[in-house]
Structures are given as structure tokens and as C-alpha cells.
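The values are calculated or read from the model by the stated rules, or taken from the named source; none is laboratory data. If you're wondering where the values come from, they're calculated on a predicted model, not measured in any experiment. Heads up, the Cβs are rebuilt from the backbone with ideal geometry, glycines too, and the neighbour counts pull from every protein chain shown.
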Amino acid sequence: MIRFKNRKLRDNAIKILTKRGVESHVYFPSIHLFPVYKQFGYKKGDFPISERMSETSLAIPFYSTMKNNDIEFIIDCLKSTKHKNKIIK
């Protein structure tokens, strides 16, 4: 999981990774905003920390058989973003 300083930076990284053939996803969706929870009256702003994490987090590939060259490729893709210094470490 990677966190960015804002959604725009995260979305830019997703575009770059996608163009280079690397699948990525929002890591932490705010489930209180899912339609099924609407019946309980939850709305945007009820859980700001969850929403912030959802807007700034990115899941990248990881699995037990991942090769070092695959890891290096993903790292290089992320380094190629013009906002690489705005990733929260």
C-alpha cells in the first residue's frame, strides 16, 4: 500500500501504472459510502479519516512468487511520476 498527499497525485500514479501495464487499485474504500449503507444514514464527512485514506491510498501488486525484476519495474514506474517526492513513506 502506498499513500499520496492527495487524490490527484494518487490518480496520476494509477494512470502511469496502468499505461505501463501495472494493475493498481484504491486500497481502502470507505465502506460507509457504499449504497448498502445508505439505509443507515451514513454520508460523506461522517468518517473523515476513512475518507482521507480512501482518497490517498493505492494498492500495488504483491504476492509471494513475485520476482525481483517485477518489483524493480513497479518501483521504476512510481519513480517516473513527476510527484514522486509527494508519496507518504
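Below are the figures for this structure:
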quantity: Of residues in the stretch 31-55 being among the hydroxyl-bearing types (S, T, Y) and within 15 Å of the chain's Cα centre (by Cα), the one farthest from D11 (Cα to Cα); calculated: S50
quantity: When residues of the stretch 62-89 are limited to those that are surrounded by 14 or more Cβ atoms within 10 Å (Cβ to Cβ) and touching a helix residue (DSSP H, G or I) at 6+ places or on another chain (Cβ under 8 Å), the one modelled with the highest pLDDT; calculated: I74
quantity: Members of the stretch 22-50 found to be of a type in the set (A, V, I, L, M), closer than 30 Å to S80 by Cα and surrounded by fewer than 11 Cβ atoms within 10 Å (Cβ to Cβ), listed by number; calculated: I49
quantity: In the stretch 51-61, the residues that are surrounded by 15 or more Cβ atoms within 10 Å (Cβ to Cβ) and small (G, A, S); calculated: S54, S57
quantity: Selection count, the stretch 7-36, where residues are over 16 Å from L78 (Cβ atoms) and at pLDDT 90 or above; calculated: 8
quantity: Spans of helices (runs of 4 or more DSSP H) in the chain with at least 1 residues touching a Leu at 6+ places or on another chain (Cβ under 6 Å) and touching a residue at least 24 places away in the same chain (Cβ under 8 Å); calculated: 7-19, 68-79
